[in-house]
Amino acid sequence: MSIARTVVTALGALALSVSLVACGGGDTSAPASPAPEEQEQAVSFVGSWELDSAEFSDGSYTSDDVDDMADLGLTVTLDLSEDGSATIDMFGSETLEGTWEESGSDGITITVDGEPIEATYDGTLLTLTNNGETMSFAKVSDTPGSADADDGSASDPLGGLAGEDLLDGSDSSGEMAELFEEDSLLAQDVYASSVTKTAELNVTVADDDTARITVVGIGEDYEGDTGYLIEVENRTDTDFVVGNATTELGGADVYDDATFVRPVKAGETALGFFFFDQDVATVTADSSCEASFAILDVSDNLLGVYTMSL
């Protein structure tokens with residue numbers, strides 16, 4: 001499975017999850033309560049379900065595609081509890097809460113924000129359907145919430161290496177090398193690609209034999225953190241990591257609440273997101289930002305320091 005295909009799969013699954021729940025059509029009235037004779041079967045739906053496959057207007061995604069996503073910690077789960085509550089967890093980064101109840105002899109209705117989603121069970125898969133788009137889930141446990149938790153590769157695209165580790169003098173070469181493993185690079189690509197661009201920028205921070213660094217826009221990620229989309233071209237013959245060394249926003253020192261760590265393989269170009277904790281700062285087109293970026297190779301050798309002024 002190619003990197004491009006995997007990225008599309010990951011983002012496609014997320015888009016489908018949102019469209020099925022947030023854009024559900026049809027009658028929005030509360031579904032009828034299940035008949036007494038149907039109550040016994042409803043218990044079979046209680047438990048934890050994981051996404052098995054999906055079909056929507058932009059393409060079909062098989063169980064193999066979904067397995068590849070799961071290997072990177074990108075999972076979509078559905079939990080149905082006996083009390084009638086339902087939870088859809090998307091990649092460990094967004095959770096939708098609702099209710100569910102049995103509908104007919106072989107299905108259920110899940111309701112989120114007043115919008116009903118019909119689902120049918122064929123004995124193996126529970127398939128949610130809306131406007132011709134489907135998501136099929138396989139049951140993994142009779143206990144809600146017991147599906148494998150996201151391993152953090154999507155919600156923590158930095159691989160656990162905080163920006164301050166770049167310049168603190170510690171021996172982080174092992175952690176740095178891990179950032180260049182295929183699954184880590186792919187997770188970071190998925191994260192950067194998922195950022196919603198809210199404003200266009202074209203500001204050159206560096207342009208020399210080592211790197212070209214360009215601020216290409218302002219954006220917001222899936223958690224609501226805002227920041228700057230930054231494109232980095234590695235012009236050397238060695239892999240390197242770019243990280244923020246100092247950061248001020250609106251004249252205030254926000255280094256502890258701002259993060260940019262982007263590994264770039266030799267001779268390649270990659271997009272990264274320089275994000276700011278939403279509880280501390282919000283980046284807009286009117287924001288002023290002063291930051292410096294350090295470039296280190298995997299052996300912690302300093303290759304260059306560059307200043308950004310916006």
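Bear in mind that the values in this text are calculations on the coordinates, not laboratory data. Worth saying up front: this structure is predicted, and the values here are computed from it rather than measured. All Cβ positions, even for glycine, are placed from backbone atoms using ideal geometry, and neighbour counts span all protein chains on display.
Enumerate the calculated ³J(HN,Hα) couplings along region 244-253 in order (Karplus 6.51 cos²θ - 1.76 cosθ + 1.60, θ = phi - 60°), each rounded to whole Hz, writing x wherever the residue is Gly or Pro.
Going residue by residue, I get 6, 9, 9, 8, 10, 10, x, x, 9, 6 Hz, with x marking Gly and Pro.
Loop-only GluC sites (Glu not before Pro) in region 173-273, please: DSSP not H, G, I, E or B, and at most 15 other Cβ atoms within 10 Å. Present the calculation step by step, with values, prior to reporting the outcome.
On the way: sites: 175, 178, 181, 182, 200, 220, 223, 231, 233, 248, 268; in loops: 181, 223, 268.
Hits after loop and neighbour filter: 181, 223, 268.
Which ³J(HN,Hα) values, rounded to whole Hz and listed in residue order, are derived for region 206-222 from phi using the Karplus coefficients 6.51, -1.76 and 1.60 in 6.51 cos²θ - 1.76 cosθ + 1.60 with θ = phi - 60°, glycine and proline given as x?
8, 7, 8, 5, 8, 7, 10, 10, 10, 7, 9, x, 10, x, 9, 8, 5
Multiplying the sequence separation of residue 141 and residue 122 by 0.36 nm and subtracting their Cα-Cα distance, what value in nm do you get?
Numbers: separation 19, 0.36 × 19 = 6.84 nm, distance 1.71 nm.
Answer, rounded to one decimal: 5.1 nm.
For region 165-310, with only Lys/Arg (+1) and Asp/Glu (-1) charged at the beta-carbon, what is the dipole magnitude about the Cα centre, in debye rounded to 20?
Details: 5 positive and 32 negative charges, 109 e Å.
Here the size comes out at about 520 debye.
Residue separation times 0.36 nm, minus the C-alpha to C-alpha distance between residue 233 and residue 203: what's the value? Before the final figure, lay out the partial values.
Numbers: separation 30, 0.36 × 30 = 10.80 nm, distance 1.40 nm.
Here the segment from residue 233 to residue 203 would lengthen by 9.4 nm.
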